[in-house]
1. Evaluate the following for B:Ala117: is it surrounded by fewer than 24 Cβ atoms within 10 Å (Cβ to Cβ) and in contact (Cβ under 8 Å) with a residue 12 or more places away in the chain?
2. So if I check each of B:Ala256, B:Ala272, which one is closer than 23 Å to A:Trp208 by Cβ and surrounded by 19 or more Cβ atoms within 10 Å (Cβ to Cβ)?
3. Of all residues in the stretch B:120-152, how many are surrounded by fewer than 21 Cβ atoms within 10 Å (Cβ to Cβ) and assigned to a loop (DSSP other than H, G, I, E, B)?
4. Are there any pairs with C-beta distances below 8 angstrom linking a residue in the stretch A:320-340 that is farther than 19 Å from A:Val33 by Cβ and in contact (Cβ under 8 Å) with a residue 60 or more places away in the chain to a residue that is of a type in the set (Lys, Arg) and in a loop (DSSP other than H, G, I, E, B), with the two at least 6 apart or on different chains, and if so which?
5. Tell me, which strands (runs of 3 or more DSSP E) lie completely within the stretch A:222-340 with 3 or more residues that are hydroxyl-bearing (Ser, Thr, Tyr)?
6. For A:Met170, work out the one condition from (1) more than 30 Å from A:Glu68 (Cα to Cα); (2) within 18 Å of the chain's Cα centre (by Cα) it doesn't fulfil.
7. Taking into account only those residues within the stretch B:153-198 that are closer than 23 Å to B:Gly241 by Cα and of a type in the set (S, T, N, Q), which is surrounded by the fewest Cβ atoms within 10 Å (Cβ to Cβ)?
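Where a number appears in this text, it was derived from the coordinates with a stated rule and is not lab data. Everything quoted here is computed from the prediction, not taken from an experiment. Methodologically, a virtual Cβ is constructed for each residue, glycine included, from the backbone with ideal geometry; neighbour enumeration extends over all protein chains shown.
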Amino acid sequence: MSHSLRFHLSLILTLLLAAGLATTDTAAQHLDVPIHDPVMAKQDSIFYLFGTGRGIAVWSSHDMESWERLDPVFPDTPPWTEEIVEGGRYHLWAPDITYHNGNYYLYYSVSAFGRNTSAIGVLSNPTLHPDDPEFEWTDHGKVIRSVPGRDLWNAIDPNLVFDDNGTPWMAFGSFWMGMKLVRMNDNMIEIDRNPQEWYTIAARHRYWKLDDRDAGDPMNSTIEAPFIFKKNGYYYNFVSWDVCCRGEDSTYKIVVGRSKYVTGPYLDKEGQDMRHGGGSLVLQGNENYAGIGHNAAYTFSGTDYLIAHAYDLSDEGRSKLLIREIKWDENGWPVVSLNN
Amino acid sequence: MLGLNVVLHRYTNGYFNISIALPIIVLAFQISFTGCAAIPAENARSGENNNLYEGITVHDPSIVKQDDTYYLFSTGAGITNWTSADMINWEQQEPVFESAPEWAERVVPGFDNHIWAPHISYHNGTYYLYYSVSSFGRNNSAIGLATNKTLRPNNPDFEWEDHGIVVESVPGRDMWNAIDATLSFDDEGTPWLVFGSHWMGIKLVRLEDNLKTIAVTPEENEWHTLAKRHRYWKLDDRDAGDSANPELDYEKLYPARILELNRQSESGAIEAPFIFKRNGYYFLFVSWDRCCRGEDSTYKVVVGRSGSITGPYLDKEGQKLNHGGGSLVVKGNENYSAIGHNSVYTFDGTDYLVAHAYDSADEGRPKLIILEMSWDEDGWPVVSFE
């Protein structure tokens, strides 16, 4: 699987570059924050940013403009990750941060390069302020695991969402047969088994003859990083298509569909089902960015924001933090402009 | 006779065939261990179609021999079973389970103890009986296991012990169906369970040496797909492949054109795997197309082989069974609309293919078929079902 090898080598390079930047520059304007797969939470008046990186990278800001790098979430990697991928040749990817009932829940991915030998784990903390005496990440182990040959999905890229009944669901997935959604237990750290409830919420073409262990066609079938955002009675399912992690050669883009139900079906502007390849474009690269993707969406002080990473063409395609306001058109679809 | 014609149905998918719709289950008339259910010899039409015996109605038969007696297990209430001294005259016995295993209700709410596709085998002093709990057109299913020290009911050690679920499939999570399990050992003595029906095909999973649970190790190479057929990628997760799941609203799911294609095209219609070892090869037999439709059934048996139990399995033309390959072994003839769900056994040095076939002269009821199997010069199995 030379594609995935390249993808992962590029990812390592990107992250090493990002780490390199970070050590010399712990504060950066948001346009220059080197990040991959960003998610954000606000506690009191501070914004906290989490992203892919050694031990899960953390940044903080008072204004979403100037960011300061903090210690990563994990000083050491959790022992249970050895069970998923032996030998330590794995990476911690794509976190998701959610606040619920007095705790912050940080979901994150553990995976092996190019394989769906993966798992989503979860940590919790009563606070995100590092100086708070109660600040401590508690490891709750793994939530979901994917097994090659058994599962036609990849347990990475988690996103937790609550439906209108207050029931938690986990969206996740990358390549294979698309984006999955599973009902979570109210305790937020495991899936609900009474009974288990699973759905596919978005997918692209996959040739039936592909081997179980084949992630899929990177040129036409890449789909990952789901993020569900609630607005005006709809659930909006953002996903990322096409090629990430190739610097200036990235073609990453964000598409969206919506549904009245968290379980779908999610339809795009043309009424196409996202499970049948549907998805309406939200953001793609331009003269400044090769590609944009792996977004989150939040409401802060009454304004909706899209958070993503973008491959900066003025900086050799390094991935940088992108924050833009989301506006909504007359039909209730999100509109995001790359112009400041 | 006491009318112990038991009409058995197994709906893995597909439509409700009214002609064999009403299960006529006459339970447990036999009180003595010798049974009073012997079918008179004059009903045997042995020799026709090269079948050793015709007449008893069974679906998905599986046979093992203990001492001088053949024991046959098949789909039915509590798992139907029969005995014979000669594979020709069969007597029906007590079902394995008087009532459904307790765990079945969670897997299939309202489960009525109609258990599918049992597989019996003997290993290290114990008889292992894998069986399926499911409902037609859906993959909320589980494979259970029961064991016994002996199959002779009058032996003091005779007692079926249920060990619960070996593997379970969950709709929306799994693209396979946990039914139709058969046990197989590779050349290293490692146990594997091969199973599956529709969805994305036949699965193989390594078992623990106790044969009761899936092997749990950090290694990733424990699951494999051994055979599959075309499946349109846009099908709903809960669609077996032919759009017959009663819980789905097909008007909303697919455009009419796609729905029509699904219903005609046998998309992914593969099930009932059985692995037989011979001369350094593992032969994987599977059934294609539609069972359970009486005279409208199109069921047939195909085969592929591999030097390794995990595959890849290739047919006579070198086509991978994972890419839709499979060489025909046996299909329906002028007396039987279709045949399938086979196993292969060696008794006293002779190989036999055991299956059921839909009797065109008896409204398509499924009947026991036992055929001698030979091997051609290239080492492929041959049966005659003329």
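1. No; evaluated as a whole, the condition is false for this residue.
2. Result of the check over B:Ala256, B:Ala272: B:Ala272.
3. 6
4. Final answer for the pair search is A:Asn331/A:Lys269; A:Trp333/A:Lys269.
5. Output list reads A:234-241, A:289-300, A:303-312.
6. All conditions pass for A:Met170, except number (1).
7. My answer is B:Thr182.
Condition check ((1) more than 25 Å from A:Lys142 (Cβ to Cβ); (2) within 14 Å of chain B (Cβ to nearest Cβ)) across all residues:
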residue	(1), (2)
A:Glu190	no, no
A:Arg213	no, yes
A:Asn220	yes, yes
A:Glu224	no, no
A:Phe227	no, no
A:Val243	yes, no
